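What follows draws every value from the coordinates through simple rules; no lab data is involved. From a predicted model like this one, the values you see are computed outputs, not experimental measurements. As a convention, Cβ positions derive from the backbone with ideal geometry for all residues, glycine included, and neighbour counts pool all protein chains shown.
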Amino acid sequence: MDLFQAVVLGVVQGLGEFLPISSSAHLVLTPWLFGWHDPGLAFDVALHFGTLIAVVGYFWRDWIVLLREGVRGPKTKDGRMFWFLVLATVPGAAAGYLLEDYAATIFRHPILVGTMLIAMGIILYLADKLAGRAKGLYDIGLSTSLFIGISQAFAIIPGVSRSGATIAAARMAGVEREAAARFSFLLSTPIIFGAAVMQMSDISPGDLTLPFMAGVLTSAVVGWLAIKFLLVYVTRRSFNIFVWYRMALGLFVILLALIRG
């Protein structure tokens, strides 16, 4: 992999991980569209490590409070939120462990990816449009946390989008947009951390090349900016721009896959 491809994929990961457009879909589709070689597991770890830096860098103050209260004051609002996030992580972690082989093979077919981009776009649109009463972040209870966590498990399929699924689930449960996005980002931290740690053994000293480091840095910077952008954007606007993007991209991918045979 050359430096240009590493930077492009770093941008793709940084945007796709936190905007509701599916990073896994874009990481599958980008090499497929441009005829690039598969960058391999080591580079995948680099990209995940970059987005881990982004989300921890953005929410480190929140996590210090959550971790402290989770241990010292589990009945406080931050203590409860910490344990709700822990429990909500379990379905996604289980899906990642049990379906890892499928995620690396069967689930990566372009037609399936395109279909899931469209399907999740429709779900996100309906969830956002039909959302009922607006709950704040600390109004999210145990049942809502588990519901959002179960939705995260479906993100193992490229095209679903981890942030898209969790934000849509939160909106279905009546959580306001900004709170839904913030909960989604907090929930992403242990999942991204777990993915990076589990794949760490695939990295050797020889993998630590300039493109590798460029991928980490790019995904970290772009990921941080994507988080900041979405948290501001959703205070004023709906998720429709992401819905139409998903629909257009999904249709394009399906048509191109059929043409290519």
| request: Summarise the long-distance tail of P(r) for the stretch 48-96 by giving the % of C-alpha pairs beyond 18 Å. | output: 42
| said: Defining a contact as two alpha carbons under 8 Å apart and six or more residues distant in sequence, what relative contact order in percent does the stretch 3-260 show? | reply: 37
| In debye, nearest 20: dipole of the chain around its Cα centre with unit charges on the Cβ of K, R (+) and D, E (-)? | 1060
| query | Dipole size in debye (nearest 20) for the stretch 1-122 around its Cα centre, Lys and Arg Cβ +1, Asp and Glu Cβ -1? | reply | 640
| remark: Helix 77-98: inclination vs the chain longest Cα principal axis, degrees, rounded to 10, gives 30
| said: How tilted is helix 110-129 with respect to the longest principal axis of the chain? Cα atoms for both, answer in degrees (0 to 90, nearest 10). | reply: 30
| said: Going by average Cβ density within 10 Å per residue, which order do the peptides 31-40, 86-95, 234-243 take, highest to lowest? | reply: 86-95, 234-243, 31-40
| Distance in nm between label sites at Trp244 and Ser204, each 7 Å beyond Cα in the beta-carbon direction? | 4.9
| remark: Most packed first (mean Cβ within 10 Å per residue), the peptides 151-161, 186-196, 204-214 order as 151-161, 186-196, 204-214
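Quick one: length gained pulling Val86 to Tyr102 fully straight, 0.36 nm per residue minus the C-alpha distance?
3.3 nm
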| field | Mean residue ellipticity (222 nm) of the chain, computed from DSSP H runs ≥ 4 via -39,500 (n - 2.57), nearest 500 | value | -25500 deg cm²/dmol
| said: Give me the extension gain from Arg72 to Leu258: residue separation times 0.36 nm, minus the current Cα-Cα distance, reported in nm with one decimal. | reply: 61.3 nm
| Simple spin-label model, 7 Å along Cα-to-Cβ: Asp139 to Val65 in nm? | 1.9
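With the Cα gyration tensor of the stretch 3-260 in hand, give its eigenvalues times 5 under a square root as the equivalent ellipsoid semi-axes, listed largest first in whole angstrom. Could you put the intermediate results ahead of the total?
Numbers: eigenvalues 158, 102, 50 Å².
They are 28, 23, 16 Å, listed largest first.
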| If you take all C-alpha pairs in the stretch 33-72, what percent of them are over 11 Å apart? | 71
| task | Filter the trypsin sites (Lys or Arg not before Pro) in the stretch 1-75 down to the DSSP loop ones having no more than 16 other Cβ atoms within 10 Å, then list what survives. | result | Lys75
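Would you kindly state how much longer the chain becomes between Met213 and Leu225 on full extension, computed as 0.36 nm times their sequence separation minus their alpha carbon distance, in nm to one decimal? Walk me through the numbers on the way to the answer.
Working: separation 12, 0.36 × 12 = 4.32 nm, distance 1.86 nm.
Working it through step by step, the gained length comes to 2.5 nm.
Only Lys, Arg, Asp and Glu count, each charged at its Cβ (+1, +1, -1, -1), so figure out the dipole size of the stretch 177-250 about its Cα centre, rounded to 20 debye. Please list the in-between numbers first.
On the way: 6 positive and 3 negative charges, 109 e Å.
Value, rounded to 20: 520 debye.
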| task | Would you order Tyr138, Tyr58, Tyr245 from fewest to most other beta-carbon atoms within 10 Å of each residue's own beta-carbon? | result | Tyr138, Tyr245, Tyr58
| field | Scattering profile of the stretch 81-168 at q = 0.11, 0.12, 0.24 Å⁻¹ [log10 I(q)/I(0), Debye over alpha-carbon scatterers] | value | -0.34, -0.40, -1.18
